[in-house]
1. Assuming 0.36 nm per residue, please report the length gained on full extension of the stretch residue 54 to residue 213 beyond their Cα-Cα distance.
2. Each label point is 7 Å from the Cα along the Cα-to-Cβ direction; what then is the distance between the points at residue 75 and residue 230, in nm?
3. Return 88, 128 ranked ascending by Cβ neighbour count within 10 Å, so the fewest neighbours appear first.
4. Going by alpha carbons, how many degrees (0 to 90, nearest 10) lie between the helix axis of 23-32 and the longest principal axis of the chain?
5. Could you rank the peptides 239-250, 131-142 by their average count of other C-beta atoms within 10 Å per residue, with the highest value first?
6. List the residues of the range 89-108 whose backbone N lies under 16 Å from a point placed 7 Å from the Cα of residue 188 along the Cα-to-Cβ direction.
7. Between residue 198 and residue 61, 0.36 nm times their residue separation minus their Cα-Cα distance comes to what?
8. What is the distance in Å between the Cα centres of the range 72-103 and the range 26-58?
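Every number in this text was worked out from the coordinates using simple rules, so none of it is lab data. Everything quoted here is computed from the prediction, not taken from an experiment. No Cβ is skipped: glycine too gets one built from the backbone with ideal geometry, and neighbour counts run over all protein chains shown.
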């Protein structure tokens, strides 16, 4: 447990500094640590919620969350995250999907489109709903918030400025994590998810501390690109480890 606590603290620190929650890597660490895969997503989602709640409030208070523009994202992503969280998947499927999701996450973090010219805010459209629905479903299945996919897509579409995108992603992660967690607890199997959370309670204060320090580092001390690169390398390393775990499960 001590090793997981330290790993969760460092993960929360890195992700919070980059503006994310860390759900994808929490999942991977738990799988590689031998935790029952049915408990993995609920632990990761609660950790995610703890890390991004403060970030969401900070961005909202700073005026960087434009509710009139982002509502289509949530109109589709929240129910799809709940649906994805309800799905009962085999361990081999879960590990395989998570490995692919992490690989995509790491590559997307390493590659981000150039800022370009200032972006004029556009009206909300159903393009956001389609994007949100797809990402929300993947988020629910794999126990993540989905913001790590959303940010590069919004940058590519030149959807808004950097702070507006960061604020949108923070709220997106929070909403999908809550919806995905609700989906997990509404499953009809006999696994006690509440007991699993209580058994791993030391992980939660660790992510709160790591997230607080990470937000401080990211906002004041470390260059954002450096933090993103370090986080991406960590994600890619864990993705490879999960890929090997997937191969073992097939054997």
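1. Here the answer is 56.1 nm.
2. The two pseudo-label positions are separated by 4.1 nm.
3. Lowest count first: 88, 128.
4. 20
5. The densest-packed peptide leads the list: 131-142, 239-250.
6. 89
7. Here the answer is 46.1 nm.
8. 14
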